[in-house]
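Quick notes on the structure that follows.
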Amino acid sequence: MGLFNRTKTATTATVQAPAGPDLSHLTGDWTVDAMHSEIGFSVRHAMVTNVKGRFTEYDGKLHLDGATPGNSSADLVIKVASIDTNQAQRDEHLRTGDFFAAETYPEIRFRSISTEAVGEDSYRMNGELTIKDTTRPVVLDLEYTGSATDAYGAERVGFEGKAVVDRTDFGLTYNAALETGGVLIGEKVKLSFDISAVKAA
């Protein structure tokens, strides 16, 4: 936050801006707890509604610097076969070559490049997303949601995040025309992250 100066007539007064939260205790390495986290997505279906889904298996590592957010980083590996849209036939189709080709490309990867604070509890993380051996830049908007020591003595931290990607940038081009016009599946995919991470011992 820092200090800012406010000048009134001939007198200069130094005013303390409201202090942000002290996040120095967050500094260190953290492991994403998949049991208490969720990585989801939604995409337009049939031009009128959204299909929502999630991935249930993934590994993630965070390095946080509470004092200097620019030194923070993240790595995430998602198992494609764990995709779940609450409809088994659709999930099987998504695992095929029409979409993710899960047997050939079993993992989706995210690696951060840079991080910056954009508000008191808000951050922007620039990174690279790899799907089907295609890597494209992606921007995650993150919100720090809190930290605590749980009932088992583990230190936890939480973040919520969102991003938007074009699936065709990653070779996910399958579609079908609708009789009424338009296409079955939208190109824009909204990603959502609800992350709980445990501090490494």
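The values are calculated or read from the model by the stated rules, or taken from the named source; none is laboratory data. Keep in mind the model is a prediction, meaning the values are calculated, not measured. Counting neighbours? That spans all protein chains shown, and the Cβs are built from the backbone with ideal geometry, glycine included.
Below, the figures for the structure above:
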quantity: Residues satisfying the stated conditions in region 58-80, i.e. within 13 Å of the chain's Cα centre (by Cα) and small (Gly, Ala, Ser); calculated: GLY60, SER73, ALA74
quantity: Subset of region 33-88 [closer than 17 Å to VAL198 by Cα, surrounded by 17 or more Cβ atoms within 10 Å (Cβ to Cβ) and either without any contact (Cβ under 8 Å) to a residue 12 or more places away in the chain or of a type in the set (D, E, K, R) (or both)]; calculated: none
quantity: Any pair with Cβ under 7 angstrom, 6 or more apart, that starts in region 149-170 at a residue that is part of a helix (DSSP H, G or I) and ends at one that is surrounded by fewer than 16 Cβ atoms within 10 Å (Cβ to Cβ); calculated: ARG167/GLU187; THR168/GLU187; ASP169/ARG136; PHE170/THR134; PHE170/ARG136
quantity: Subset of region 107-124 (residues that are free of Cβ contacts under 8 Å to residues at least 40 places away in the same chain and not in a strand (DSSP E or B)); calculated: VAL118, GLY119
quantity: Matching entry among LEU191, LEU184, LEU142 (being touching a Leu at 6+ places or on another chain (Cβ under 9 Å) and at pLDDT 95 or above); calculated: LEU191
quantity: Residue selected from region 149-170 under the condition of a type in the set (Gly, Ala, Ser) and at pLDDT 95 or above, by the criterion surrounded by the fewest Cβ atoms within 10 Å (Cβ to Cβ); calculated: GLY158
quantity: Strands (runs of 3 or more DSSP E) within region 1-78 that include 3 or more residues modelled with pLDDT of 85 or more and out of contact with any helix residue (DSSP H, G or I) (no Cβ under 6 Å at 6 or more places or on another chain); calculated: 28-32, 38-45, 49-55, 58-64
quantity: Positions within region 79-98 being among the β-branched types (Val, Ile, Thr), outside any strand (DSSP E or B) and closer than 28 Å to TRP30 by Cα, in sequence order; calculated: VAL80
